[in-house]
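Contents: one structure, followed by commentary.
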Amino acid sequence: MVHYLEANLTPLRQGQLSFSYREALQGLIYNLLPEDLSKWLHNEGLPIAHGHWKPFVFSRLTGKMVPYAPNKTFRVNGPISFKFASPITEVVQELGRALMLADRVRIENLDFQHSELLLSKINPIESPAVVIARSPITVFRKVNGKRRYFRPEEPEFSEIIAQNLRNKAKALGKEADGQIAISPDFITHRHKKIERFHKMVVEGWMGRYLLEAPSEIIWIALTSGLGALGSQGFGFVEVTSDRRNH
């Protein structure tokens, strides 16, 4: 059973991706999946408290990308990669199969060929786990119709993430009891990110965190992300043993 995928992509030509490429990357994922599975993820997903949850998460693009602030783009001049996870094996397997079979894939106006594909199982991790964000973790609560975002040092940051993980556990039919807490292990002002998704301004945080929770809850965090908007590419985390301050 696989729950994790890393795709390495080689551009067919050098070019540019916008700072908001995440929308196109999400669209690529939906387009590659079989139609029935894609529609279910996009339109339904799993029922949770106060709505539905799309059980997958993906990381930022990394690799040969150089930011060019004047026109808000990345210059892509070599291989790039992204990571994807889901607690539902079929989702990861089908995405991997589609990437393997595709002659090329397109993100915005750039075409890529897959050069390497890694699929693997995510095993339960004992608490506490040190995790590093591969895409910004976003935590908010709506107040008078507006989003109030929380910083990692605020108690609401941990409280909302804990409840979100419990909701996901219940949706997957897993045990949701036990203490859950997340705290910053290494965060600086540089880890704060302001990004856009479908004209929505999103505040999130990169950095390294200490996650204390039952092993099954940590597994859910690794396969579906921390915080909100996982299916929009926010909150992808991985366990790390590197605790240097960088």
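Where a number appears in this text, it was derived from the coordinates with a stated rule and is not lab data. This structure is a prediction, so every number in the text was calculated from the model and none was measured. Neighbour counts run over all protein chains shown; Cβ positions are idealised from the backbone, glycine included.
Observations
- One chain, two ends: TYR68 and ARG148. Fully extended at 0.36 nm per residue, the span grows by 25.8 nm beyond their Cα-Cα distance.
- In loop segments of region 53-160 as defined by DSSP, the trypsin sites (Lys or Arg not before Pro) with at most 16 further C-beta atoms inside 10 Å of their C-beta are LYS72, ARG104, LYS121.
- Global form of region 115-246, assessed from the alpha-carbon gyration tensor, a/c cut-off 1.5: rounded
- Dmax and Rg, reported as Rg then Dmax, of region 26-110 (C-alpha, Å): 15.2, 44
- By the rule of a C-alpha distance below 22 Å, with chain neighbours fewer than 8 residues away ignored, the lysines paired with LYS199 are LYS54, LYS72, LYS142, LYS146.
- Between helix 89-101 and the chain: long-axis angle, C-alpha atoms, 0 to 90°, nearest 10: 10
- HN-Hα J in Hz across region 216-221 - Karplus 6.51, -1.76, 1.60, θ = phi - 60°, x for Gly and Pro: 5, 5, 4, 4, 5, 4
- A straight line joining the Cα centroids of region 155-192 and region 1-48 runs 24 Å.
- Whole-Å semi-axes of region 192-246's equivalent ellipsoid (Cα gyration tensor): 22, 16, 8
- Mean separation of Cα contacts under 8 Å, 6 or more apart, over the residue count of region 118-246: relative contact order %: 39
- Neighbour cut-off at most 14 other Cβ (10 Å), DSSP loop, GluC sites (Glu not before Pro), region 150-198: GLU153, GLU175
- Mean separation of Cα pairs under 8 Å and 6 or more residues apart, divided by the residue count, gives the chain a relative contact order of 27 percent.
- Summary of packing: across the peptides 213-220, 24-31, 88-95, the per-residue average of other C-beta atoms within 10 Å ranks them, highest first, as 213-220, 88-95, 24-31.
- Correct choice for log10 I(q)/I(0) by the Debye sum over Cα atoms at q = 0.07, 0.12, 0.14 Å⁻¹ that was computed from the model, options (i) -0.38, -0.77, -0.89; (ii) -0.27, -0.68, -0.90; (iii) -0.22, -0.68, -0.94: (iii)
- Crossing angle, helix 155-171 versus the chain [Cα axis fit, 0-90 degrees, rounded to tens]: 80
- Helix 22-32 axis, angle to the chain major axis (alpha carbon atoms, nearest 10°): 80
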